[in-house]
Amino acid sequence: FYIIDPIFDTPEEVPLVRMGSRMLETFKRAKRSLKADLVIFDPNNGDGALKARSKKTKKWGMYQFLDDQKKELIPMQYDSLNFYSFNGKYTAVYNNEKVGFYLSYWSYDEQAKQTVDCKYEDYKRFDADGVSKLAVKKDGKWGWVDWLTGKEKSEFIFNSPDELPYPHYKQNYWFDE
């Protein structure tokens, strides 16, 4: 058992996970330095990444704490956001119940940014012959969007993602392609 300073204002803020001493120190450091009321560690990757919610604005961001270094991966400006999948190039971010996409710092370094605006209702990832493609829903209809540039690549006339035609557009992985 660990006894720590009472840093929580409500019972809902208390994490529902068992923490080792290093994780506990990171947790306290994240709450303090980010002025966060909630902190959630990435349960899948073990890379020091965490989501934190601003106590003041209630907006979420993503950060990485390794040793004494703190890196902002996604700024604290979203209603919610997902963790990156293992080696994922992008992840979903949400505002006003709409989804957009943010590039991974680990893949794009300083070029990591939001590339797809939060204006879609839903999404589904596809593997088209080994290339990651992104289907999104807008105004109740599905179409393709380039996750690197945010450009729509088809009409939005399909009732389900399964009705979408094969995505014949070239999906680049790098900005200089």
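The values are calculated or read from the model by the stated rules, or taken from the named source; none is laboratory data. In this text, all values refer to a predicted model and were calculated from it rather than measured experimentally. Reconstructed Cβ throughout: ideal geometry from the backbone, glycine too, with neighbour counts over all protein chains shown. Surface accessibility is based on the protein's heavy atoms, side chains included, excluding ligands, DNA and RNA. Shrake-Rupley method; radii C 1.70, N 1.55, O 1.52, S 1.80 Å.
At 0.36 nm per residue, minus the direct Cα-Cα distance, what do Ser54 and Leu66 gain on full extension? Give it in nm, one decimal, please.
Values: separation 12, 0.36 × 12 = 4.32 nm, distance 2.05 nm.
Here the segment from Ser54 to Leu66 would lengthen by 2.3 nm.
Cross-link pairs exceeding 25 Å in C-alpha to C-alpha distance, out of Lys31/Lys151; Lys89/Lys119; Lys89/Lys153; Lys55/Lys141, comprise Lys31/Lys151; Lys55/Lys141.
Obtain the radius of gyration and the Kirkwood radius of the chain from its C-alpha atoms and give Rg over Rh.
Values: Rg = 18.3 Å, Rh = 17.7 Å.
Here Rg/Rh amounts to 1.03.
Less than 5 angstrom separates the built amide H of Leu73 from those of Met62, Tyr63, Gln64, all sequence-distant by 5 or more or on a different chain. Each residue, Lys119 and Val131, gets one label point 7 Å from its Cα in the Cβ direction; the gap between the two is 2.4 nm. Per-residue surface analysis assigns Lys170 an accessible area of about 140 Å², computed on protein heavy atoms at 1.4 Å probe radius. Taking the longest Cα principal axis of the chain as reference, the axis of helix 21-34 is set at about 70 degrees. Cut-off under 20 Å on the C-alpha distance; same-chain residues fewer than 8 positions from Lys137 excluded. Which aspartates and glutamates are left, in chain and number order? Counting by Cα, and skipping residues close in sequence, Lys137 has these aspartates and glutamates nearby: Asp79, Glu97, Asp117, Glu121, Asp122, Asp127, Asp146, Glu152, Glu155, Asp162, Glu163. In a simple Cβ point-charge model (Lys, Arg +1; Asp, Glu -1; nothing else charged), the chain has a dipole of about 500 debye relative to its Cα centre. Within the accessible area of segment 89-139, the carbon and sulfur atoms contribute 38%, probe 1.4 Å, all protein chains present.
For the pair Glu97 and Asp109, label points projected 7 Å from Cα toward Cβ lie 4.2 nm apart.
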